[in-house]
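Enquirer: Encoded as structure tokens, here's the structure I'll be asking about.
The values are calculated or read from the model by the stated rules, or taken from the named source; none is laboratory data. For clarity, every value in this text was computed on a predicted model and none was experimentally measured. Cβ atoms come from the backbone with ideal geometry, glycine included; neighbour counts cover every protein chain shown.
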Amino acid sequence: MDEVSRAWDEHAEKWIDWARKPGHDSYWIFHRDVFLELVPPPSGRTLDLGCGEGRFSRHLVALGHDVVGVDASPTLLAAARAASPEIEVYEADAAALPLPDSSFGLVVAFMSLQDVDNFEDAIRECARVLFPGGRLCLAIVHPINSAGTWDRDDGGSPLVIAGSYFDSFSYVETAERDGLEMTFTSIHRPLEAYAEALAGAGFVIERLREPRLPDHAIRRERSPRWQRLPLFLHVRALKPTG
């Protein structure tokens, strides 16, 4: 288990509490539904890469997907199994999937690739397990977001990039909200790194979106800053049939 995966497993119990409190974070407020606009209907099996405790897997099942989940954290997978024993899950590195070639019509990596150390091999593995004509849909922390820090804690604050946007680096952020606390450990990479990894794996990018925070998601004074700059990046990529 790499350093980032180990950090997520160490904070797994806190993440389970955080993720499963309805209405608590952006997933419930708007992010899941905006991301689903890019996700095609079920066609073959669906792989949830970095499924964690399984909240997105469970939603995909409710939408008719035949889901397989993969995650590196045994603690999170145990929670996923307990919540939905009918969903097939595997403990594995995203860069070395224990799954056969061309066995999925869709891979979903919802907010997981920024938490994968060897993301290039993980994307190549996505291409390997997809059948031709299959798609990868991914959501990550937007590289502008992960590169910078806010100068002030208000809606009009400028975002400051003190170092280099182009250099990759790991970072740790601790958030406290409504009596819950979570420590997030992730890796910043520039947008080009993800685009080149997709191209190198043979994918063709079909859609790229930078969702703006909707008005109904404004909960705090500082929230409007995410209507000026993107929190997340969404991509849908095709594995060509040729």
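Enquirer: Determine whether region 213-229 contains at least one residue that is surrounded by fewer than 19 Cβ atoms within 10 Å (Cβ to Cβ) and of a type in the set (Ser, Thr, Tyr).
Expert: Yes, there is a match, as at least one residue in region 213-229 is surrounded by fewer than 19 Cβ atoms within 10 Å (Cβ to Cβ) and of a type in the set (Ser, Thr, Tyr).
Enquirer: Oh, and also: Is one or more of the residues making up region 214-221 modelled with pLDDT of 95 or more and aliphatic (A, V, I, L, M)?
Expert: no
Enquirer: Does residue 158 count as more than 23 Å from residue 11 (Cβ to Cβ) and touching a residue at least 60 places away in the same chain (Cβ under 8 Å)?
Expert: For residue 158, the condition - more than 23 Å from residue 11 (Cβ to Cβ) and touching a residue at least 60 places away in the same chain (Cβ under 8 Å) - is not met.
Enquirer: If you don't mind, there's one more thing I want to ask. Which residues, taken from region 97-113, are outside any loop (DSSP other than H, G, I, E, B) and farther than 30 Å from residue 169 by Cβ?
Expert: Result: 104, 105, 106.
Enquirer: Being on the phi < 0 side of the Ramachandran plot and buried (at least 22 other Cβ atoms within 10 Å of the Cβ) is the filter here, so list the residues in region 36-54 that pass it.
Expert: Within region 36-54, 46, 47, 48, 49, 51, 53 qualify.
Enquirer: Let me ask something else about it. Go through region 45-96 residue by residue and tally those that are under 23 Å from residue 21 (Cα atoms) and assigned to a loop (DSSP other than H, G, I, E, B).
Expert: Here the count works out to 12.
Enquirer: Out of the residues in region 138-182 meeting the condition of being acidic (Asp, Glu) and not in a loop (DSSP other than H, G, I, E, B), tell me which one is surrounded by the fewest Cβ atoms within 10 Å (Cβ to Cβ).
Expert: Among those that are acidic (Asp, Glu) and not in a loop (DSSP other than H, G, I, E, B), it is 176.
Enquirer: What residue, of 209, 236, 189, is in contact with a Ser or Thr (Cβ under 9 Å, 6 or more places away or on another chain), among the charged types (D, E, K, R) and crowded, with 16+ Cβ neighbours inside 10 Å?
Expert: 189
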